[in-house]
Every structure is written in C-alpha cells, then in structure tokens.
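Structure, as structure tokens:
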C-alpha cells in the first residue's frame, strides 16, 4: 500500500471500487430485509447449508495453509488431492459394493472402506507430487514452483480422467443418511449433520496432532525456519512429506463428505472447491491454521446466504448463478484490501 | 568384482520398476489403446506399442549411457536387459490381472483390446513370453546405441526421429502428397495412413546420411563471422521466409491452413502473455478474459443476428459488404481489451507472484460466469452465445475460406511479433525486465511501477483482444464455454515450452503445443495430460525453454554457479 501511496488516481479508483461494492451490498441487503420475500425457514436452511459447505472448504483450506507454511508456495495441485481420493474410492469401492448389495447391508463398513481408500490414494498422489514435482524446485524462483504446481494439477486431472473415465459418477445413496431431523424449528439433512460432526472431529484431531505431537512440532518448526529446524535435528524432507500426508488426509476426508452431500464425483470436481478453499485460506490469513477453518466457514456462509441476501433484490435474473462470482469477488477484494486475512497472517513475509 | 563392473543391482532394479510403472500407467489410462490403432510403419509398429516401449527404452539408454568403467559395454547391456525384463514384468502382471479379475469395470481402458496390443496379438499365454522378449530386445538395441560413436549416433537418431515424425504425420502427408504427386506415389510410400516399411528405411538412412554429411561439412567450414548486418541485408535474408509465409496456404490445403490459423491465434495470445509473464514477470492466469472480451466485443459489434448492435448493417447501408465492419470493429476490440487490461490491472498492482496468479484466475472465471449468466443474457446471449458473426471482407471480397482468413491472421501475428520485438528492445521493455528481476530495485532506479505494469497489462490484453476479434468471425458464432481456464493454461504452457520472454520460442511453442495436437488427433485426447507433464518437466529440467531468450539463459546459468538461496 505505502509504495503506491503517491498515486492518488489509483487509490481513488480503488476507494471508488470499495465504496461501490459496499453500496451495492448494503442496498441489496436493505431491500431484501424490507421486502421480506424469503421466509425465516429458508434463511435457516441457507445458514445450515452454508455451515456444511463451509466445513468442507475448511478441511481443504487447511491443506493450502499447511503447505504454504512449510514451502511458501501455493499448492495448486491440492484440489487434485481432494479429487483423486474420492474419485478412485467411488469407482473402485462404492460403486462395486453397491452393485453387489454389500453397501446396503453394511453401510458403515463400506463408508470406512471408502474413506480408507480415499485417504490412501490422496496421500499417494500427494507424496508423488511432492517428491517428483516440488522437491527439485524447492530453492527455485517462486514463479517456477507455481507453474510446476499448475502442471501437476493438470496432469492429475487428466490422469484420473483417463484412468477412471471422464464422465461423472453417482455416489450411491445410503439409506441411513436419507431424510432429515428437526433442529431449531427447521429440518436439517442428516448428511449435513454428519459433515459438521466429521469436520469438527477432524479439526480437533489435526489440532492435537499439530500442537501436541513431536511430528506436529516438527512441522511447525520447519514452517518457522527450515535451516534452523534442520540444525535442531529435524529431518526437513521427511517433515515436508509428512505435511503433505496430513494435507492429503484432510482433503480426502473432505472429498468423502463432498460425495455424501452432492452424490456425484468427476475428474474436474476439485477445481471449484479448490479455488474456494484457497479463498478461505487467504480469508483466514494464509499460514494460519485456525484461520483456515474460520475462513472456510465464513466463505461457506457467505456464499450460501449471499446471493439471496444482496443479489435477490437488485432485480438480477437467476441470481444463484452468480454464487461463484461472489466467492471470486470476495477473494479479489480480500487480496486487494486485506491480504493478511481476517485473523492475520501467521507468517509475515513479503510474497515476492 | 561388483565394484569393478560398476553394477548397482538396486539402482537398476529401481530403474526397471520405474519404467515398468510408467508403462503400466500409460497402458491403464488408455494411451496404448487409443494410439494402438495407428501404425507408424505399416505392419511393423503402432504408435501404441511405441508408447509403452518408450519408458523402458529411454531408461535403458540412460542407464547404459551413465555406465562407466572397464567393462562398460557388457555392464550396460546387462543393465538394459534387466531394466527391460523388470519393466515388462509389470505389463505381464497387467495382462494376467486383466485375465483373472474384471478390471474393466473400474479401469475403463484395461480392455481385451489393450491386452492384444500388449501381447502383440499373441494372447495372454504366449504373450507373457513374447512381451518380455520384445522389450528386452529393444532395450538392448537402445543400450547398444549408447555405445556407438557420438557422431554416428546423432545421425542415426536424426534419421529415426525423422521417420517417426513422418510416420506420425502420415495421414496428413497422404492427403498432401496425393494432391501434388498423385495417387500412385501415395501407394508406393504409404499404406493405410502409415509409412510403408521400405520408404521408412530409406527415409531413416537418408536422414542419417544427410545429417552426418551436414555435420561433416559444417565442421570443415570455418564458421563465418557475422558482422552486424545492415537493415537491407537483414531484410534480404528474411525475404524467402516472408515469401514462404505468404504462399503457405497454397502448399497446405484447407485443413492444414485451418490448423495454421489456430496456431496463429494462439501465437497472438502467446505473444501478449509473453509480455505480461515473460518480460514483466506478472503471472496472469486469467488471460483468457481478454480473449473473451475481444471476441464478445467483435461479436456484439458485428453480428447480424438479434444481439448485434448493427455495425454490419450500418456498413451495408453505406453500400459496402457487411463484412467490412470487421476492420472498424477490430480497432474497437483492441481498444476495449486494452482498457480492460488496465481496469483489471489496477487492483492487482500491489500483488506479486502467487496471489497475482490466483486473483487473475478469479477474474478470468468471473468474466466467463458473467458471460454464461442470465444477468448478461440480453447482451451476450448466455449459454447460447452470439451467432451470425459475418466473415471479414475487403471491399466485396469475402474472406470466407481459411486460406483467405490466413492472411488476416498472418498480418496480425506479424504485427504483434514486430511490436513485441521492438518493445522488448526499447526502454519500456528493459523496464519490464527490471521489474521482473526486482521490483524494489527497479523502483529505486526511477522506473514508474504503476505505469510500466499497467502498460504491460494493456499491451498483453490488446494482443489477446486482437486474437479474440479474429477468433469470433472465424467461428461465426461464439459461446462462453470457448473461454475456459484451459485456454489460459494452454497459452501459458506454450510460452513456457518455447522459452519465457523469447519471441521465436513463442512461435515454436505455438506450433508444438497447438499445431501438433490438431494434426495428431490421437494426442488431442491426452493434450492436457501432456501439457501437465511438459510444464513440470520443463520447470525441473529446462526452465529456460527450448528457444530461450538471451537474458533468461544468462540469468539461469549464472544462478547455477552461485549458491542458490532458499526461496522465502
């Protein structure tokens, strides 16, 4: 900001942009509240869906944040860690077991199997990516690492499309998770409850792992300073691999939850959740683990409530199509006006 | 003993396993089956077989090449045999796994057809022996190639490479040869869209001899000193190339000209992105936005359909052919795209590297979603797009065919190349490079960051807008799905493969990455998979690209000798 202070025209333009967006959002919100077109019930539904969606974003966002912490790079291929696990597990486990009737009899065992396969595949993909694509470039300019990550991302997408097919596959529905339960005067889908519970458990486990175990401490030490960590007897390469394992596990769990909620998987499914989770990570302050969780939740809520709250009354036709625009606009706005995120960046280094 | 022979069993086994793993994956993702239909040399080898043999052969060659010591030839050959054997065992495993389990329900491409390709049509039982035998043989051959003197080896590789290329391109060559030399020549040279065996052998040996002869002649002749040539001599030297470019549609025919036009449009975008990424170092992943803006501006201005604003009708009312509206619209498109470049550039002025990439990616997606949305439907047509865009015309001459449109593309590409070259050598070009190297230092040296960066965005966007403006009438109708992120990735890949900051590199990159997949329809399916591999491999092994710009090459070589500092 300070480096460009002298250019008042630019600043004026940015201020104008900020004011315009705030005005649009405020106007839309006031209109919606005054017109009162949407029932309270619908609002509660939006909020609950937002929380469920946000939980998934949070799980993926943690991957971006952790890798950013240790490697100082945006792991563009993280969305493929998310996709690869559940795509493989659906094709190789869920669909065959559903066809044989095993899934209907033992849904719990099937889901455990699906999760295990998803985690194993995601972790393998993550380890291969780290070893082959990222490790040789650890000291290279950042632009090169980013381009490599983009390449890796495309490679994995089209690899899995070739391996398992490019068409979308339906994830079999589970009877036990069908329907909804009453909650706070509304009906909540059982899958949404499961998503929130699993997310909370995963985040608690991650928190324990990062703060209480030796391996977690090693990750934090490497994130702080690789050279000093190496001097303290930490195996940096192993710790970085471990970070990728952690990230991929979280992404795989998010993938399983995604399949349960949306009941469809395909090779391209990682892209949009990946970008949004990255937005969430930036929102919470990249490198900041609790921040990623908060950012994910915030983004999920914003995206779910936003279109109805401030686009509906502006007279925009099919305003729900612009859901993704809201997320992307938010990413742009956050990066322009508060690049350190809501909770603040844990690592205050220039992003050169 | 083992030390003397320089034989590392573990390493060799690992190399074999890696090669086998790669071949296994190439087979499982469907490359072998897809390529298997096509013979490179009629009756001898298909592209699919070449695909799964490539990894073991390459690995065997590398292993043999790196072998040193007294018994190096023997050791190298043994290594190659082991690598071939281990690698082929992976494929034999796949053959038997397919036979025992129903793999196809999960792995779509592991089909009986794949097995027949892998076993050379012999079936699982005999194939289990035939496959290792063939693999080991070709591995031994490639290892042997590593030990023949370098000059002969290079000539040999050149000949084989030439033959492989001709074999790959034979469906197109068949059509061209038929056009110029008649059906009888085709029948001698090609059979069922592949090179015949004997012409193939002749081509390979002729290529090898020519290459060797050329190398010999070049080594005898003293390299002529090249003084800084005057403008006149330089132009005289470029005249044949220029003439060739002008007469290209005559040689290429309709289909190949169409492909060339696509290459030209990507080249335009590549030249633009080259300024933004290659010179100014601003990684822009939303570059497709400006392409879309150019195309949609052209569409809305000149369409004769309900969405057009009537420029064509206005031109028609002046008594001209409506296609002449193109020339007015193109200027507007370029201007609009340049303005869009500045407008989208202002918010990202302060960002660097990663954040810039993601924000521009966001911009690209926002533009695409907006074009697709009902919000902009009254203007941009939503998913149905804008139709009825007239082809450009000069006076009453309508540039309907690709052969005529080619000259528009050529003129635009030449203009863009000229502007890029002149800009790079100008003060502003050096400012861009300075910003790329170090923003803070550049600013301290008195470079106006805001102006310089915005200029890069604007010029890059203008080139892309120009490409879009040509793209729209070329297709006569445009849809939002033509402007996905994949285009940005495609353009980024081509400038990286060619060499960041290098204009000849961009040309080569466009030909390789856009032209080849169009010619090799089989490859098109795996286009983005290969782009992914290319991006990673280029960054790791050859970050300067195939035809690097001088500055980048110097810089990378210089940084290798210094102690690399960890990126923070």
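The values are calculated or read from the model by the stated rules, or taken from the named source; none is laboratory data. The structure presented is a predicted model; accordingly, all values stated were derived computationally and were not measured. Positions of Cβ are backbone-derived with ideal geometry, glycine not excepted, and every protein chain shown enters the neighbour counts.
Data overview
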| read-out | value |
| --- | --- |
| Restricting region A:121-139 to residues that are more than 17 Å from residue A:255 (Cα to Cα) and away from chain B (no Cβ under 11 Å), the residue that is surrounded by the most Cβ atoms within 10 Å (Cβ to Cβ) | A:130 |
| Residue in region B:174-188 that is in contact with a strand residue (DSSP E or B) (Cβ under 8 Å, 6 or more places away or on another chain) and farther than 27 Å from residue B:62 by Cβ present | yes |
| Among residues of region B:372-405, those that are more than 7 Å from chain A (Cβ to nearest Cβ) and in a loop (DSSP other than H, G, I, E, B), counted | 14 |
| Scan of region B:287-311 for residues that are out of contact with any strand residue (DSSP E or B) (no Cβ under 9 Å at 6 or more places or on another chain), under 26 Å from residue B:349 (Cα atoms) and surrounded by 24 or more Cβ atoms within 10 Å (Cβ to Cβ), ordered by number | B:287, B:288, B:289, B:290, B:291, B:293, B:294 |
| Residue, nearest to residue A:67 (Cα to Cα), within region A:227-240, restricted to residues that are touching a residue at least 24 places away in the same chain (Cβ under 8 Å) and buried (at least 17 other Cβ atoms within 10 Å of the Cβ) | A:240 |
| Residue count, region A:98-120 (criterion: within 12 Å of chain B (Cβ to nearest Cβ) and in contact with a helix residue (DSSP H, G or I) (Cβ under 6 Å, 6 or more places away or on another chain)) | 1 |
| Hey, residue A:142 farther than 19 Å from residue B:529 by Cβ, surrounded by fewer than 19 Cβ atoms within 10 Å (Cβ to Cβ) and within 11 Å of chain B (Cβ to nearest Cβ) or not | no |
| Test: residue B:268 is within 14 Å of chain A (Cβ to nearest Cβ), under 18 Å from residue B:489 (Cβ atoms), buried (at least 24 other Cβ atoms within 10 Å of the Cβ) and in contact (Cβ under 8 Å) with a residue 12 or more places away in the chain | no |
| Qualifying residues in region B:519-551 (those that are assigned to a helix (DSSP H, G or I) and over 24 Å from residue B:278 (Cβ atoms)) - the one nearest to the other protein chains (Cβ to nearest Cβ) | B:529 |
| Some residue of region B:417-436 being at the interface with another protein chain (Cβ under 10 Å from one of its Cβ atoms) and part of a helix (DSSP H, G or I) | yes |
| All positions within region B:361-371 that are more than 25 Å from the chain's Cα centre (by Cα) and more than 8 Å from chain A (Cβ to nearest Cβ) | B:367, B:371 |
| Qualifying helices (runs of 4 or more DSSP H) (wholly inside region B:1-120; at least 1 residues being touching a strand residue (DSSP E or B) at 6+ places or on another chain (Cβ under 9 Å), closer than 30 Å to residue A:88 by Cβ and touching a residue at least 12 places away in the same chain (Cβ under 8 Å)) | B:31-36, B:47-65, B:112-118 |
| Single residue of region B:333-360 satisfying the filter (part of a helix (DSSP H, G or I) and facing chain A (nearest Cβ under 7 Å)) that is surrounded by the most Cβ atoms within 10 Å (Cβ to Cβ) | B:357 |
| Answer residue from region B:446-478, given it is surrounded by fewer than 18 Cβ atoms within 10 Å (Cβ to Cβ) and more than 14 Å from chain A (Cβ to nearest Cβ) and is nearest to the chain's Cα centre (by Cα) among those | B:475 |
| Pair list, Cβ < 9 Å and 6+ apart or interchain, from region A:267-284 residues that are facing another protein chain (nearest Cβ under 10 Å) to residues that are surrounded by fewer than 24 Cβ atoms within 10 Å (Cβ to Cβ) and modelled with pLDDT of 90 or more | none |
| Residue, modelled with the highest pLDDT, within region A:1-56, restricted to residues that are within 14 Å of chain B (Cβ to nearest Cβ) and either outside any helix (DSSP H, G or I) or within 30 Å of residue A:184 (Cα to Cα) (or both) | A:28 |
| Any chance residue A:84 is in a helix (DSSP H, G or I), touching a residue at least 24 places away in the same chain (Cβ under 8 Å), closer than 18 Å to residue A:60 by Cβ and within 24 Å of the chain's Cα centre (by Cα) | yes |
| Residues (within 26 Å of residue B:340 (Cβ to Cβ) and not in a loop (DSSP other than H, G, I, E, B)) located in region B:444-460 | B:449, B:450, B:451, B:452, B:453, B:454, B:455, B:456, B:457, B:458, B:459, B:460 |
| Of all residues making up region B:161-191, the number that are under 27 Å from the mean Cα position of the chain (by Cα) and assigned to a helix (DSSP H, G or I) | 16 |
| Residue count for region B:223-245, restricted to those that are at pLDDT 80 or above and either in contact with a helix residue (DSSP H, G or I) (Cβ under 8 Å, 6 or more places away or on another chain) or exposed (fewer than 10 other Cβ atoms within 10 Å of the Cβ) (or both) | 3 |
| Candidates A:134, A:159 - the one that is modelled with pLDDT of 85 or more and under 21 Å from residue B:30 (Cα atoms) | A:159 |
| Candidate set from region A:242-285 (those that are more than 15 Å from residue A:83 (Cβ to Cβ) and not in a helix (DSSP H, G or I)); member that is farthest from the chain's Cα centre (by Cα) | A:263 |
| All positions within region A:221-240 that are in contact with a helix residue (DSSP H, G or I) (Cβ under 6 Å, 6 or more places away or on another chain) and outside any loop (DSSP other than H, G, I, E, B) | A:221, A:222, A:223, A:226, A:229, A:230, A:236, A:239, A:240 |
